[in-house]
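Enquirer: Can you read through this structure? Questions will come right after.
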Amino acid sequence: MFNKWPDQLWKSVWTNPVNGREARYVASHSFAVEGYDAAEGEALLEELIAVCSQPRFVCAHHWDVGGVLLWDQRAVLHRGTPWPYDQPRKLASLCSSAGPEDGLAEMRPAS
């Protein structure tokens, strides 16, 4: 299993401070829901992914050599389905990290 960072607790809705719109913060690597037992949390996550990955919401990109894709991390579910972890995956990326101006503090639960 690929684990780059330790497990982290995040809120499931992120309000974009630039336009005030809310985005659901959930993806195929989400694994638990605080306050739910394992089966209930898994069922909720599956339901949320199913809603977010309906064909009417999907923009599938087909890569070409030299292709570049940009998206707003605050508003796009990328990798709505998992890839086989036992198969190689090459990805070169540049990430502009979210900061205070992006509402990051609002995404992390109060300690």
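Enquirer: I need the calculated FRET efficiency for the pair ASP64 and VAL18, taking r as the beta carbon distance and R₀ as 30 Å, to the nearest 0.05.
Expert: Given R0 = 30 Å and the Cβ-Cβ separation, E is 0.45.
Enquirer: ³J(HN,Hα) across region 100-107 via Karplus (A = 6.51, B = -1.76, C = 1.60, θ = phi - 60°), whole Hz, x for Gly/Pro?
Expert: Those phi angles translate into x, 5, 9, x, 4, 4, 6, 7 Hz.
Enquirer: A further question on this structure: Loop-only trypsin sites (Lys or Arg not before Pro) in region 1-63, please: DSSP not H, G, I, E or B, and at most 16 other Cβ atoms within 10 Å.
Expert: Those satisfying the criteria are LYS4, LYS11, ARG21.
Enquirer: For region 1-70, which GluC sites (Glu not before Pro) are both in a DSSP coil and crowded by at most 15 other Cβ atoms within 10 Å?
Expert: Of the GluC sites (Glu not before Pro), the ones in loops of region 1-70 whose Cβ has at most 15 other Cβ atoms within 10 Å are GLU34.
Enquirer: What distance in nm separates the two pseudo spin-label positions at SER53 and GLU101, each 7 Å out from Cα along the beta-carbon direction?
Expert: Label at SER53, label at GLU101, 3.4 nm between them.
Only the coordinates and a few stated rules stand behind these numbers; no lab work does. As the structure is a computational prediction, the values presented were derived from the model and not from experiment. Backbone-built Cβ (ideal geometry, glycine too); neighbour counts: all protein chains shown.
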